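The values are calculated or read from the model by the stated rules, or taken from the named source; none is laboratory data. Quick caveat, the model's predicted, so the values are computed rather than measured. Cβ placement follows ideal geometry from the backbone for every residue including glycine, while neighbour counts extend to all protein chains displayed.
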Amino acid sequence: MLYRLSGAGYDAYLVGGCIRDALLGKMPKDFDVATNATPEQVRDLFRNSRLIGRRFRIVHVRFGREVIEVTTFRGKPQDEHGDHIAHQSDEGLLLRDNVWGNIEEDALRRDFTVNALYHNIADFSITDFANGAKDIETRTLRLIGDPATRYREDPVRMLRAVRFAAKLDFTLDPATEAPMYDQAPLLLQIPPARLFDEVLKLFMSGHGLVTFRMLSHYGLFGMLFPEAEEAMADAAWAEELIEQALTNTDKRIAEERPVTPAFLLAAFLWAPVKQRQEELEQEGMPAIPALQAAAQQVVSRQLEFTSIPKRFGIPMREIWELQQRLPQRRGKKPFKLVSIHAFERDMTYSCYVNKRARYRAVWATGGPPFSAVMSTSSVACCKSWRRPGKSRRWSSQTAA
C-alpha cells in the first residue's frame with residue numbers, strides 16, 4: 001500500500017511501533033502508515049478501507065485479517081481553525097484534532113520520541129525528528145513536548161507510558177513520569193469504552209504483572225478500578241489474588257495459550273464483591289442473594305470507569321456465582337458441577353481465592369487437591385473466546 005500511495009503522488013512512510021521494534025531486534029506486529037494524503041483521499045485509493053474516529057480521523061485498511069492504520073500528517077491547531085476541526089476543553093483535553101500538516105509537524109505531535117521514527121520507501125532510510133533512536137539505545141521512554149501539557153491533552157498517554165515501559169523494559173524519563181502522580185485523576189475525563197480498550201492492552205499483552213505494579217505506583221490503577229484499590233487497602237489477600245491471576249495469565253500468553261479478560265476482571269473485582277456480600281449477609285440476607293446483590297452494586301460502579309462488554313461480564317459473574325457451589329462436595333452436586341462448561345475455569349479461580357487459607361481439601365473423590373491445581377495455569381480449560389466479527393482468538397498480538 002505504500003507504493004500505491006507513492007504512485008498516486010503522495011508521500012508515504014512506515015511509522016511508529018514497527019520501526020521501534022525493528023531497531024530493538026523484535027518482530028514488528030503492527031504496521032502504521034503516515035502520509036500527506038487526507039483520509040478521504042486514502043479511502044478513494046483503497047476500496048478495502050473505512051474511515052473511523054471523530055476526535056482523530058484515521059483510515060483502517062484491511063488485508064485479510066490484518067488491519068493497517070493510515071494517518072494523515074498532523075499539524076498544530078491555530079486560532080483560525082474552527083471547533084469542527086480542532087477543539088480543546090477548558091481543562092486542556094483535546095476534543096478534536098484534525099489539522100493537517102507536514103512530516104516535521106506530525107513528528108512533534110506524536111506521543112513518545114521512540115514512536116517518532118519514519119521509514120522512507122524511496123531510499124529505505126529512517127528519519128528521526130525527536131532523537132528517538134538515541135532513546136532506544138538507552139532504553140528510555142520520553143514524552144515529546146511538555147509532559148504536563150501532553151497529559152492534559154490526552155490523559156490516556158499516562159497509560160500508554162506505563163504499557164510501553166513494561167512491554168519494552170524501558171525506564172521512564174524523570175520529566176515524563178513526574179506529572180503522573182498528580183495528573184492521574186485526569187483519566188476520569190475519558191469515556192469508559194475507551195478505557196476498557198486500554199485495559200485489554202495493559203493486561204492482555206503478556207506483561208500484566210509489571211504493568212499492574214507500575215499502575216499502582218503512579219496511582220493510575222485506582223482510576224481504572226477504584227473498588228479494587230479500596231479493597232486492597234482493607235484486605236491484603238486481594239492484591240495477592242490479583243498478582244497471582246496476572247502471573248499465570250502472563251505465563252499462558254508467553255506459551256501462546258488462550259486467555260480471557262473475564263478471568264482477570266473477576267480477580268480484580270472479587271474482593272469488593274466479597275466485602276459487600278459479607279455486609280449484606282450481616283444484615284440478614286441469604287448468601288446467594290447477597291452475592292448477586294453485591295455483584296450488581298460493584299459492577300454498576302465499575303461501569304462508571306470502564307465499560308465491561310456482556311461477552312466478558314456474563315462469564316465474570318458465572319465465576320463469582322460458582323464459588324458458592326464449589327465447596328459443596330457431597331451427593332450428586334459435584335457431578336452436576338463438573339458438567340458445567342466453565343467448571344475448570346471456576347475451579348482454578350477458587351484455588352487462587354482459597355490460597356491464603358492453605359485450603360488443601362480434595363474437591364471430589366479421587367480429585368486433585370487444590371494446591372496441586374494451583375500450580376497449573378490460571379485458566380485451566382476455560383473457553384477461548386472470539387471477538388465479534390473476527391475469526392481469530394484473542395492473543396498478545398492484538399494488544400500491541
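Taking the stretch 71-116 as the region of interest, how many residues are β-branched (V, I, T) and at pLDDT below 90?
So the count comes out to 2.
I'm trying to understand the selection: among the residues of the stretch 314-329, which are surrounded by fewer than 17 Cβ atoms within 10 Å (Cβ to Cβ) and either modelled with pLDDT of 95 or more or not charged (D, E, K, R) (or both)?
I314, Q324, P327, Q328
Need a quick list: helices (runs of 4 or more DSSP H) entirely within the stretch 117-225 having at least 3 residues that are touching a residue at least 60 places away in the same chain (Cβ under 8 Å) and outside the structural domain of E255 (by TED's automatic domain parsing).
Helices (runs of 4 or more DSSP H) meeting the threshold: 132-138, 156-168, 192-203.
Looking at the stretch 20-54 only, could you name the residues that are among the aliphatic types (A, V, I, L, M) and more than 13 Å from L2 (Cβ to Cβ)?
Matches in the stretch 20-54: A22, L23, L24, M27, L51, I52.
Of the residues that sit in the stretch 99-116 and are among the small types (G, A, S) and part of a loop (DSSP other than H, G, I, E, B), which one is farthest from the chain's Cα centre (by Cα)? Quick ask: steps written out before the conclusion?
Quick first cut of the stretch 99-116, residues among the small types (G, A, S) only: 101, 107, 116.
Narrowing the set further to residues that are part of a loop (DSSP other than H, G, I, E, B) leaves 101, 116.
Values: G101: 30, A116: 22 Å.
Only one residue tops the list, namely G101.
Looking at the stretch 41-56 only, could you name the residues that are in a helix (DSSP H, G or I) and of a type in the set (K, R)?
Hit for the stretch 41-56 is R43, nothing else.
Checking the condition farther than 30 Å from R4 by Cβ and surrounded by 21 or more Cβ atoms within 10 Å (Cβ to Cβ), which residue from A116, A148, A175, A161 passes? Please lay out each step first, then the result.
On the way: A116 fails: farther than 30 Å from R4 by Cβ; A148 fails: surrounded by 21 or more Cβ atoms within 10 Å (Cβ to Cβ); A175 fails: surrounded by 21 or more Cβ atoms within 10 Å (Cβ to Cβ).
Just a single option satisfies the conditions, and that option is A161.
Would you be able to tell me the number of residues in the stretch 1-40 that are assigned to a helix (DSSP H, G or I), out of contact with any Asp or Glu (no Cβ under 9 Å at 6 or more places or on another chain) and under 19 Å from R62 (Cα atoms)?
Qualifying residue count, the stretch 1-40: 6.
Conditions tested, residue by residue: (1) surrounded by 20 or more Cβ atoms within 10 Å (Cβ to Cβ); (2) among the β-branched types (V, I, T); (3) under 16 Å from the mean Cα position of the chain (by Cα); (4) at pLDDT below 95.
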residue	(1), (2), (3), (4)
L200	no, no, yes, no
G208	yes, no, yes, no
F225	yes, no, yes, no
A235	no, no, no, yes
E255	no, no, no, yes
F263	yes, no, yes, yes
A267	yes, no, yes, yes
G284	no, no, no, yes
A294	yes, no, no, no
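Residue by residue, here is whether (1) acidic (D, E); (2) touching a residue at least 24 places away in the same chain (Cβ under 8 Å) holds:
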| position | (1), (2) |
| --- | --- |
| Y3 | no, yes |
| D11 | yes, yes |
| D21 | yes, no |
| T35 | no, yes |
| Q41 | no, yes |
| R47 | no, no |
| R50 | no, no |
| F56 | no, yes |
| V61 | no, yes |
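Give me the pairs: first residue in the stretch 293-309 and touching a residue at least 40 places away in the same chain (Cβ under 8 Å) and within 24 Å of P185 (Cα to Cα), second residue of a type in the set (A, V, I, L, M) and loosely packed, with under 15 Cβ neighbours inside 10 Å, beta-carbon distance under 7 Å, and six or more apart or on different chains, which are they?
Taking only residues 6 or more apart or on different chains, the pairs are S307/A193.
Could you check the stretch 10-56 and list, in sequence order, the residues that are surrounded by fewer than 18 Cβ atoms within 10 Å (Cβ to Cβ), within 24 Å of the chain's Cα centre (by Cα) and among the basic types (K, R)?
K26, K29, R50, R54, R55
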